[in-house]
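**Student:** Starting off with a structure, shown below.
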């Protein structure tokens, strides 16, 4: 009956669209407050959705905004699942990686720096050859 009107349970649709690996995981997403339908937070996995509804999904490390295009009839391969929705998620702002002083110093560089910064300049001269031939 729900397929005739174009409506479908949200947990079933999330599973068809491959946002959840199983229907029980989809139910946990909905009951855990991770899904909004048209900006309204829902807590019942039996909520019916239809084409045109906008879902906001709080997934692991991202928030996705999805517009439902088709209720779907089965859980198919990923390319088929992507036809069920339009991704309205704004692109992430890319930031430049933080560079902290370049590459690590080599052992030789570290020793030279230690010798330069040390209070006792003769401290590192113990391993140098001497000209004392007494």
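Quick note: the coordinates plus some simple rules give every number you see, no bench work behind them. Predicted model, so just to flag it, every value in this text is computed and none were measured. Neighbour counts run over all protein chains shown; Cβ positions are idealised from the backbone, glycine included.
**Student:** Inspect the stretch 81-92 for any residue being out of contact with any helix residue (DSSP H, G or I) (no Cβ under 9 Å at 6 or more places or on another chain) and within 13 Å of residue 9 (Cα to Cα) and give the result as yes or no.
**Tutor:** No, the conditions are met nowhere in the stretch 81-92.
**Student:** Follow-up question, since we're still on this one. Hey, can you tell me all the residues within the stretch 59-74 that are part of a strand (DSSP E or B) and surrounded by 14 or more Cβ atoms within 10 Å (Cβ to Cβ)? It would help to see each step written out before you state the result.
**Tutor:** First pass over the stretch 59-74, keeping only residues part of a strand (DSSP E or B): 63-68.
Within the stretch 59-74, 64, 65, 66, 68 qualify.
**Student:** Tally time: how many residues in the stretch 27-50 are within 16 Å of residue 84 (Cα to Cα) and surrounded by 20 or more Cβ atoms within 10 Å (Cβ to Cβ)?
**Tutor:** Matching residues across the stretch 27-50 total 1.
**Student:** Show the residue pairs that are 6+ apart or on different chains and have beta-carbon atoms under 8 Å apart, the first residue being within the stretch 71-93 and on the phi > 0 side of the Ramachandran plot, the second being part of a loop (DSSP other than H, G, I, E, B) and surrounded by 10 or more Cβ atoms within 10 Å (Cβ to Cβ).
**Tutor:** 72/17
**Student:** Considering only residues that are within 19 Å of the chain's Cα centre (by Cα) and under 21 Å from residue 78 (Cα atoms), which ones fall in the stretch 1-34?
**Tutor:** Residues satisfying the conditions are 14, 17, 18, 19, 20, 21, 25, 26, 29.
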